[in-house]
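The values are calculated or read from the model by the stated rules, or taken from the named source; none is laboratory data. Computed from a predicted model, the values in this text were never measured in an experiment. Because the Cβ atoms are built from the backbone with ideal geometry, glycine has one as well, and the counts that use them run over all protein chains shown. Ligands, DNA and RNA are stripped out before the accessible areas are found, and what is left, the full protein with its side chains, is counted by its heavy atoms. Shrake-Rupley method; radii C 1.70, N 1.55, O 1.52, S 1.80 Å.
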Amino acid sequence: MSALSVLLGQRLRRDRWQLVSWIGGTGLLALFSAAAVAQTYGDYAGRVSILRLAIANPAILMLRGTPRGGGLDAFVFFEIFTFLALLAGFMSTFLAVRHSRAEEESGRAEIVSATPAARMTPTVATLIHGVLASVLLGIVVALAFIAGNLDAYGSFVTGAAVASTGVAFLAVGLLAAQFMRTSRGANGTAASVVGIAYVLRGLGDALGTSGTDGTQMSPAWPSWLSPIGWGQQSAAYTANNAAPMLLSIVLAAVCLLAVFGLQARRDSGASLLAGRAGRITARSVLSGPLALGWRLQLPSIIGWCLGGAFTGLLAGTLSKLVEQAGSADPTVSKVLHDMVQGGGSMHHVLLSVMFSLIGILAATAATQTIIRMRQEEAGGGAELILASPVSRTRWFRDYLLLGLSAIVLVLLSGAVVSGLSALAVGGDPARIGDSFAAAAAQLPAALVYLGVLALLFVVLPGVTITLAWISIGAGVFFGFFGGLVGVPQWARNISPFTHTPVPSSGADFSGALWMLVIAAAAVAVALVAMRRRELRPN
Amino acid sequence: MRGINEIGMTPGASVIEARGLGKRFGRVRALDGLDLRVSAGEVHGFLGPNGSGKSTTLRVLLGLARASFGTVTVFGQDPWKDAAQLHRRLAYVPGDVSLWPNLSGGEAIDLISRLRGGTADRAGYARAKDRLTRTFALDPGKKGRTYSKGNRQKVALIAAFATPADLYILDEPSSGLDPLMEAVFGQEIERVSAAGATVLLSSHILSEVEHLCSRVSIISAGKTVETGTLAQMRHLTRTGISFAAQGLDQDQLSRIPGAHELTVTGGRVSFTTDTDGVNAVLPMLAALKVQGLTVKPPSLEELFLRHYGHEAQGTRGRRAAQASAR
């Protein structure tokens, strides 16, 4: 067997479950959305009225893309493609960094490079592995849409668009791995590129020009700067134009030229951007487990806060517009009502939709804190701390405080920016209070994540990280998209986000209360159990 | 610095006391009735092959793991229940040091020292840290993720020695160090020991243990197999004697008292004798007018290999049995 096939086999084997969940999950999302659109927006006239509203509403365009007529297939493509492309992008960048920079950072790459595989073969193997994963993802998406009774040819165009976006971001991930010294840095950079591509496309779509019948739209130029935008311009089911996908392949080729050029010149383990030197003495605040946790988590908490602030900006500036659109047509209000529980005025519902996004960011920030705690335990950092006069419970409690602060900061950044931006576009000063109420309503669900995952960490540390990510993914899917894609109510009730109240007069706060009770109980049990728990690095 | 007398410890009182200590991981018994006694002020060597339970024992002593059975006390307290309180008095260097990736070595040293509450005397701490970073030749400005194994170990050692402690628990602390740094490490051990501290040093570098430790315990498969002073340990092994075989016949050789395992190979006679019996052998050797005499003093290595060899043979035996059963 050649070195290449050995390395490729090792990559496939190592990633098999991860890829099954990425590809399977994305395929299920495609299948669900096709089925749900057929069920919820079955008639042509209904779809046309929704699209007219969407075109009047930059927030929806930003989130979804540009519509191309009221046909059922095209409607599904409009509704879900940008999410599928986003998932393909993250799958590819994480895959690329996992098998390149992360391997170099851990020193495993040296062992491999010392064999006849040498320096280039591992990168070639990662490239083939990533392309295979993207192609497989494309095929699964195409089959899911065909299974959802969409046009077969258009479904394969969609699959190809997803796959080409994946390949473009695979190359971006490999390039980021050349530049950054650490896998964290490379993952952050590559994932930011994916995020920027999504936002660029969103801007271009929101600023686009609508066609004469009000159900079609062509995006403005920023969409043409984004691989996700290129995939979208394939206009599957209508124009079925494969040409824009070639841009993704060209981008991938350019990135790969740079990757192999750099790989041939640099030392193993070295990077184009050198790691920065650190301080010789620590700042005086770095004197306890809480300060250490802050130091370790600060970059990601800042990231989640920026996400919260950006969503708050959308919530504040768009509320006026959507309110007008919503009062004009009941279908928009139905779409929004599908995303959150409970009623209330159009304005409150929109604010709740936007703040459930911020709530998801806050819950994810809390989840990452628990994951960090587990990584500290598994990686040996906790051992150094716990061999000092810091008790297990204090160390654990400090991570809970850190998670709580992360949640509050993310929600606050959303509320402050939302309130201020609502004022800036000439909204009612009462919007400030509304923003804070909407943010506070998100607190219980995020606390459930913090408390329950903390308990999981105490009881089953070995599976904490996996289950944490799964619970966030499932919670978002069932709680936020479940209503849109027609998941039955009992399944939606699994997600804490489903029980988040919509603050308005006559709102039902019982779900929030129950979640607070669950979170408090989980934390109490976890704190007691932590006293009896050993450090379990494995 | 907190001295021995201040804390009410008399030399010879036991700082660490473990009896019949056991630790189960599922069905595996990592520790199986281990006994360990470390007295105040001694440098105690803790020897054993890989996987014999050294690190598990140290983790139990630190309260990072809980004993499944048996009793264990550190300074008379339960290390599991009173962990945080006990840790004010001890310093620890793990066997496999991992640092925080985005903290520099200097920051990690400061953090650990502050946690241990040893930085109240700022100037004194700064001096100690500075002295140690220089003698261990560490660049404290590099990020944790960029250090080699040896340098990570230096960070943990500097953090351990920068503030005073009553007990040092060191898990193979010099395994990644070069010979020069091993010597620096030895000097630090001598320094803290002279100041009255107790040291438990797990190692399998026997020369290091022979050089630094006053007492040793050897464990194998989670049990203590030997314990005592170095002098007592040496008694357990024999002195090796060899000389040129030229002109000596079997009859003459058989008259040497207390000779074990006598062989004649490559023109040299070699045998071992009980270390107490060396004096009794010498007159006979003089009478035989032996040439090219060498006397090899007893070493821990032989003792260690004897126990280790046992275990390795056992493993081999099991493997062979499994292989033949297939």
- Message: Looking at the structure I just gave you, is residue A:394 open to solvent by 10 Å² or more (accessible area, probe 1.4 Å) and more than 14 Å from chain B (Cβ to nearest Cβ)?
- Response: no
- Message: Considering only the range A:263-275, I want to know if a residue exists there that is in a helix (DSSP H, G or I), within 14 Å of chain B (Cβ to nearest Cβ), out of contact with any His (no Cβ under 7 Å at 6 or more places or on another chain) and open to solvent by 20 Å² or more (accessible area, probe 1.4 Å).
- Response: no
- Message: Which count do you get for residues in the range A:233-255 that are hydrophobic (A, V, I, L, M, F, W, C), open to solvent by 10 Å² or more (accessible area, probe 1.4 Å) and closer than 21 Å to residue A:34 by Cα?
- Response: 1
- Residue that is surrounded by the fewest Cβ atoms within 10 Å (Cβ to Cβ), among those in the range A:493-537 that are within 14 Å of chain B (Cβ to nearest Cβ) and part of a loop (DSSP other than H, G, I, E, B): A:532
- Message: Please return the ranges of strands (runs of 3 or more DSSP E) entirely within the range B:14-101 where 1 or more residues are on the phi > 0 side of the Ramachandran plot and away from chain A (no Cβ under 11 Å).
- Response: B:14-25, B:28-39, B:69-74
- Note on the structure: Note: among A:108, A:119, A:68, A:52, just one is open to solvent by 50 Å² or more (accessible area, probe 1.4 Å), free of Cβ contacts under 8 Å to residues at least 60 places away in the same chain and not hydrophobic (A, V, I, L, M, F, W, C), namely A:108
- Query: Quick check: is even one residue across the range A:6-15 within 28 Å of residue A:199 (Cα to Cα), assigned to a helix (DSSP H, G or I) and not small (Gly, Ala, Ser)?
  - Reply: no
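Quick grid of which residues meet (1) in the same structural domain as residue B:57 (by TED's automatic domain parsing); (2) not aliphatic (A, V, I, L, M):
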{"residue": "B:188", "(1), (2)": "yes, yes"}
{"residue": "B:192", "(1), (2)": "yes, no"}
{"residue": "B:217", "(1), (2)": "yes, yes"}
{"residue": "B:224", "(1), (2)": "yes, yes"}
{"residue": "B:251", "(1), (2)": "no, yes"}
{"residue": "B:257", "(1), (2)": "no, yes"}
- Message: Return the residues of the range A:122-174 that are open to solvent by less than 10 Å² (accessible area, probe 1.4 Å), more than 28 Å from residue A:5 (Cβ to Cβ) and of a type in the set (Val, Ile, Thr); say none if nothing qualifies.
- Response: A:158
- Item | Candidate set from the range A:186-209 (those that are β-branched (Val, Ile, Thr) and open to solvent by 30 Å² or more (accessible area, probe 1.4 Å)); member that is farthest from the chain's Cα centre (by Cα) | A:209
- Item | Hits in the range B:15-49 (condition: under 18 Å from the mean Cα position of the chain (by Cα) and without any contact (Cβ under 8 Å) to a residue 60 or more places away in the chain) | B:17, B:18
- Scanning the range B:121-150 for residues that are more than 12 Å from every other protein chain (Cβ to nearest Cβ) and either within 25 Å of the chain's Cα centre (by Cα) or modelled with pLDDT under 90 (or both) gives B:121, B:132, B:135, B:136, B:137, B:150
- Message: Looking at the structure I just gave you, is residue B:163 β-branched (Val, Ile, Thr), touching a residue at least 60 places away in the same chain (Cβ under 8 Å), closer than 26 Å to residue B:53 by Cα and in contact with a strand residue (DSSP E or B) (Cβ under 9 Å, 6 or more places away or on another chain)?
- Response: no
- Does residue A:417 satisfy the condition of being assigned to a helix (DSSP H, G or I), modelled with pLDDT of 95 or more, buried (at least 21 other Cβ atoms within 10 Å of the Cβ) and not basic (Lys, Arg)? no
- Could you tell me which numbered condition residue A:212 fails, if it satisfies all but one of (1) part of a helix (DSSP H, G or I); (2) of a type in the set (Val, Ile, Thr); (3) at pLDDT below 95; (4) open to solvent by 20 Å² or more (accessible area, probe 1.4 Å)? (1)
